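Before any comments, here is the structure.
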Amino acid sequence: MNVSIQKAAAALVVILLAACASPSPAPVLLTLPPPAVGEFAIAPAEAGSGPVLAVRRVNIPEYLVARRVRYRADASTLAEWPNTYWAERVEIGVSREFVSALRQQLPGWTLCDINCGDRIPTLSLQVDLVPMDYLRAAQKLQSRARITVSSGATVSQVLQTQELPYELSGAADSAQTQAQLMAELIRQVAQAAAPLVRVAKP
């Protein structure tokens, strides 16, 4: 083995050792901030009392359902925050935080998912958030919420429906800002849904 090959091999060993010595940064696990509890928030109704609202899972765009945290790079391109992941399935987190925010808006109601046990729902609620795009360049979250309240009978009937556009602005270029805007969107949609539920109550 000549000297140049020995030097190249030694340099390669040094590079490999350096790569092993500098570990890659730990992945960032992102969660949706829970809705802020109002100063005079009323506790939810005890199980077995009050009208029952079946809250179906919130529908979000399929292209956002992934472990990686995705944003809109431009009108036709999605991108992902580097080394950043949802700590749980994002569609589950969105639905859970929506129910939590809605519970604050509907004191006296019992909220459940599709399976309400032995209780028959008074009403059911479906929310679709399509689109729900974080525009990173503008630091804005744009969405359209379709809120549908139906009767709780076996053959349900639509009683109230509303579509609302949303555009929320953030203050920083970060994945955490995106999560905070999503949480704020959920809170605002819960505020809009609650009056429709109250009006539809038989």
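Any read-out appearing in this document is the output of simple, stated calculations on the displayed coordinates, not a laboratory observation. Predicted, not measured: the structure shown is a model, and the values here were computed from it. Cβ sites come from the backbone with ideal geometry, for glycine too, and all protein chains shown count toward neighbours.
Annotations for the structure displayed:
- Put in line by how crowded their Cβ is, counting other Cβ atoms within 10 Å and starting with the fewest, W81, W86 read W81, W86.
- Summarising the amide proton neighbourhood of V130: residues at separation of 5 or more, or on other chains, whose placed amide H is nearer than 5 Å comprise R144, R146.
- For region 81-114, the set of GluC sites (Glu not before Pro) satisfying both a DSSP loop assignment and a count of at most 14 other C-beta atoms within 10 Å is given as E88.
- Remark: S169, S156 ranked as S169, S156, counting other beta-carbon atoms within 10 Å and listing the fewest first.
- Counted by Cβ distance under 13 Å from L106, the other residues give a net charge of +3, where Lys and Arg count +1 and Asp and Glu count -1.
- Cβ-defined net charge surrounding L53, 13 Å radius [Lys, Arg +1; Asp, Glu -1]: +4
- If the segment from I92 to A73 were pulled out straight at 0.36 nm per residue, it would be longer than the present Cα-Cα gap by 4.4 nm.
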